[in-house]
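Asks: Quick one: this structure, given as structure tokens, is what I'll be asking you about.
Please treat every number below as a calculation from the coordinates, not as lab data. Bear in mind that the values here come from a model prediction, so they are computed numbers and not experimental data. Cβ atoms come from the backbone with ideal geometry, glycine included; neighbour counts cover every protein chain shown.
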Amino acid sequence: MTNGVSKSEQTVLASTGGKTSFWRVEGSLMELGALRPVGFFTWNARSFSERWARRAGMAGMAVARPFAYATSRTFATRFLHLLLRGVSRDRLDLLGEEYFHYVLKPQLRQGAVEEIVAAVRQGEHVVLVGQLLENILRPLAHHLGAEAFLANRLEYRDGRATGRLLDPVVRPR
């Protein structure tokens, strides 16, 4: 069984020394589903018409996602992020920071946060793993002092999201 870390990353982790621990964000730090963050992004689209078009897409996604999930969890995750097609990278970064500060930060389990911060202070290499987009997980990793994170990443062309997720896709728990 592989550990999900490439050979080059293993070399970097081995050369830095110290213990490395991987923390799953969903479950250990908070209880969070996949629809809520994408719903937040669609709810806060720039224009009025874009908001309502994306909300209609979310309603359709709520109906279709259980069938996609039954087919494949990876496919369901990729399918969900199609709603973000056309959103600019800077907009997603801004909304990701807002989502972290106003929604996720109050929901963090204090016991788990204290464990991660203590591990970082002891020189341990902490890697956060989550199904969230990197736009949300980056502020969380920065807040906790984690060196690295593994999150879902959107593909961008000309500064706009294509709606496709890049490999590796972190599936729901």
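Asks: Taking amide H positions as placed in the peptide plane 1.01 Å from N, state which residues far from residue 21 in sequence (5 or more) or on other chains have amide H under 5 Å from it.
Replies: 125, 126, 127
Asks: Give me log10 I(q)/I(0) at q = 0.13, 0.19, 0.23 Å⁻¹ for the range 46-97, Debye formula, one equal scatterer per alpha-carbon, no solvent.
Replies: -0.37, -0.73, -0.92
Asks: A follow-up question, please. Putting +1 on Lys and Arg Cβ atoms and -1 on Asp and Glu Cβ atoms, find which of 172, 48, 81 reaches farthest to the positive end of the dipole of the chain.
Replies: Comparing the listed Cα positions along the dipole, 48 ranks first.
Asks: Which three lengths, in whole Å and largest first, does the range 20-166 cover when its Cα atoms are put on their principal axes?
Replies: Largest first, the range 20-166 extends 49, 33, 27 Å along its Cα principal axes.
Asks: Using the Cα centre of the chain as origin and beta-carbon charges of +1 (Lys, Arg) and -1 (Asp, Glu), tell me which of 30, 141, 154 is placed farthest towards the positive end of the dipole.
Replies: Toward the positive end, the furthest listed residue is 154.
Asks: Among 96, 27, 163, whose mean-square fluctuation peaks in a Gaussian network model of the chain (Cα, cutoff 10 Å)?
Replies: 27
Asks: Could you give the nm distance between label points at residue 101 and residue 28, where each point is 7 Å from its Cα heading toward the beta carbon?
Replies: Output for this residue pair reads 2.7 nm.
Asks: List the residues, sorted by chain then number, that are 5 or more residues from residue 164 or on another chain and whose placed amide H is less than 5 Å from its amide H.
Replies: Under 5 Å from the amide H of residue 164 lie the amide H atoms of 155, each far enough along the sequence or on another chain.
Asks: Note down the nm distance, to one decimal, between modelled labels 7 Å out along Cα→Cβ at residue 74 and at residue 122.
Replies: With each label point 7 Å from Cα toward Cβ, the separation is 3.5 nm.
Asks: Using θ = phi - 60° and the Karplus relation 6.51 cos²θ - 1.76 cosθ + 1.60, list the HN-Hα couplings for the range 145-157 in order, rounded to whole Hz, with x at every Gly or Pro.
Replies: Calculated HN-Hα couplings, in order: x, 6, 6, 9, 8, 10, 9, 6, 10, 7, 8, 10, 9 Hz.
Asks: Would you work out the charge dipole size for the chain about its Cα centre, treating the Cβ of every Lys and Arg as +1 and the Cβ of every Asp and Glu as -1, and quote it to the nearest 20 debye?
Replies: Details: 24 positive and 16 negative charges, 130 e Å.
Computed about the Cα centre, the dipole is about 620 debye.
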